[in-house]
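Structure, as structure tokens:
The values are calculated or read from the model by the stated rules, or taken from the named source; none is laboratory data. The shown structure was predicted, so the numbers you read here are calculated from the model rather than taken from an experiment. Cβ sites come from the backbone with ideal geometry, for glycine too, and all protein chains shown count toward neighbours.
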Amino acid sequence: MPNKNNEPLFQLIKSLTKAEKRSFKLFVSRHKSGEDAKFLKLFNWMDKQDEYDEARILLKEPAIKASQISNLKAHLYKQILQNLRSNKSSNDIPMQIRDCIDQASILNDKCLYKQSFKILEKAKALAEKNDFPLLLLEIIEFEKRLVTKLAQPKVDRRINDLMKESEVISEQLKSLHNFSNLSLKLYSFYMNIGFIRDHKDFEIVNSFYFSSMPAFKEERLSFNEKNYLFNSMVGYYFFIQDDERAYEYAKKWVQLFKDNPFLIAPKIDLYIKASNNLLIAQNKLGKFDEFVATFKELEAVYNIKNLHLTDNIKLQIFKYLSTHRINHYFLLGTFEEGVKIVPEIAEGLNRFIDQLDMHHILIFYYKFACMYFGNNQWQEAVYWLNKIINATNVDLRSDIQCFARILNLICHYELENTDLVDYYILSTYRFLIKKEDLYMFQKYIMKFLKDLNSIKPSQLMDAFKKLRKQMLSLKNNPYEKRAFLYFDIISWLESKFEDRPVGEIIKQKATKRNRPLTV
């Protein structure tokens, strides 16, 4: 039988707010047919259930027959979407434009060509003002068909104008497709391997990116073209770990919206994405004052006038604000304070668990683990690391999978689980070999942990110092330095031979870099 995880209708009903459910029931109550009454019964039964149980519905509701259930579900799904669409159109500019196009089509079918043209002019103004080129092209193509049905003065001028407009928009769309395809391909690379691992990765990405980049002059690009260009540039420079250039383009990306504030609401998802990327760059480069200012600007999204907060936007805001709240504590090394927000964010994560992709779920788990590790709460760290290690889709973000295993090893060392350390060294080594992800960083750590049993207590501090020296030699290596993004092992080693908590070491370093700030 279908369950919560694979029944689309059940998921759709559970995503509705109380207001949307009330609106739908009012919508259905206007119809009095027996079929409508049945699908409303089905709606009510599914709304009551915590887990979808089709057999129980058929048992409890004799009006619904097993032979009818498939058609009823399809009909109910369609009716819910129609009701949601009618309620949303007043708040959604692209939908307003599509409504105008639909109305113009109806008027065209009635041979009311002038009225159709007038509606299209309204749609065109909306599309131009809010920079929706794909819809604008659809409107222009409609106008081309319509202009031949109207006996207008100077029709040749109108036709020439439409042809020129069509050519300009078509070129913009071609450029947009090229930029967006670049971003998607980079995203695919990142999801598979994280950051570049070696010169071979760099050559593949670099060759693909610049061979696929269209020729352009930035000052001539439209708002949308710049959006996709800056998105792809930020993604590329992050991927090759050139954080300075990534920061440069992320800043330009956010500034693009600041220069066009009226476009923030209609393109809120891109604004949130741009702000998130700028926060990532500011975090990596230690630009703490800027980080706090950008964080507050992102928080202010809730106050944007006329912004319709859809479930999608709420999810994006939760995801990025929560991520950077955690990052703030990492920046300052205030793990004791940071662990206090983990349960709150974990609860929020649980609310969105069905909507979040596994990539972001794994990132949150890893950040939780690192927060507890920094506060010397090894067992709590292991709890979250096991969620990553036991994840079924290990081909996704294999870099996080690898470093979760390394951190897990160190946690078990801190817990003095000697037998488990030996076991996990072997299993981790096999995993890394299988993933072809065994680098000097991992080799040094695993050898150190493997040799611990044979090291005399009097030699232990020297062993920690030797490993620290090895780690320092890798920190500026372009293909090894990515490891330090996942775990500050140097601070952990210093905490061992200085006999101080690792969080205290990191906090001391942060204080030297910057003054304490709050978010």
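For this structure, a couple of remarks:
- Selection count, the stretch 106-117, where residues are part of a helix (DSSP H, G or I) and either exposed (fewer than 14 other Cβ atoms within 10 Å of the Cβ) or touching a His at 6+ places or on another chain (Cβ under 6 Å) (or both): 3
The rows are residues; the columns are (1) assigned by TED's automatic domain parsing to the domain that holds D399; (2) in contact (Cβ under 8 Å) with a residue 12 or more places away in the chain; (3) crowded, with 17+ Cβ neighbours inside 10 Å; (4) out of contact with any strand residue (DSSP E or B) (no Cβ under 9 Å at 6 or more places or on another chain).
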residue: A281; (1), (2), (3), (4): no, yes, yes, yes
residue: A300; (1), (2), (3), (4): no, no, no, yes
residue: I304; (1), (2), (3), (4): no, yes, no, yes
residue: L309; (1), (2), (3), (4): no, no, no, yes
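- Here L321 meets the list (1) part of a helix (DSSP H, G or I); (2) over 24 Å from K258 (Cβ atoms) almost entirely, failing just condition (2).
- Any pair with Cβ under 7 angstrom, 6 or more apart, that starts in the stretch 342-364 at a residue that is closer than 17 Å to I400 by Cβ and ends at one that is polar (S, T, N, Q) and surrounded by fewer than 17 Cβ atoms within 10 Å (Cβ to Cβ): M358/N393
- Wholly enclosed helices (runs of 4 or more DSSP H) of the stretch 333-412 bearing at least 2 residues among the polar types (S, T, N, Q), crowded, with 20+ Cβ neighbours inside 10 Å and assigned by TED's automatic domain parsing to the domain that holds K512: none
- Enumeration of residues in the stretch 461-472 that are under 18 Å from V421 (Cβ atoms) and in contact (Cβ under 8 Å) with a residue 24 or more places away in the chain: F464, L467
- None of N276, N283 is at pLDDT 95 or above and under 30 Å from D201 (Cβ atoms) except N276.
- Taking the criterion of being over 19 Å from L107 (Cβ atoms), among the basic types (K, R) and part of a loop (DSSP other than H, G, I, E, B), the only residue of the stretch 123-173 that qualifies is K154.
- Residues that are among the β-branched types (V, I, T) and either over 12 Å from the mean Cα position of the chain (by Cα) or outside any helix (DSSP H, G or I) (or both), drawn from the stretch 302-318: I304, T310
- Filter result (surrounded by fewer than 17 Cβ atoms within 10 Å (Cβ to Cβ) and closer than 24 Å to Y439 by Cα) within the stretch 485-512: L485
- Residue within the stretch 287-302 that is among the hydroxyl-bearing types (S, T, Y) and touching a Phe, Trp or Tyr at 6+ places or on another chain (Cβ under 8 Å) present: no
- Residue among F202, F216 that alone is in contact (Cβ under 8 Å) with a residue 24 or more places away in the chain, assigned to a helix (DSSP H, G or I) and among the hydrophobic types (A, V, I, L, M, F, W, C): F202
- Residue list for the stretch 25-58, restricted to those being closer than 26 Å to L309 by Cα and at pLDDT below 90: K25, L26, F27, V28, D50
- Test: Y320 is within 24 Å of E290 (Cα to Cα), outside the structural domain of I445 (by TED's automatic domain parsing) and without any contact (Cβ under 8 Å) to a residue 24 or more places away in the chain: no
- Residue match in the stretch 200-222 (condition: of a type outside the set (S, T, N, Q), more than 25 Å from D269 (Cβ to Cβ) and crowded, with 18+ Cβ neighbours inside 10 Å): yes
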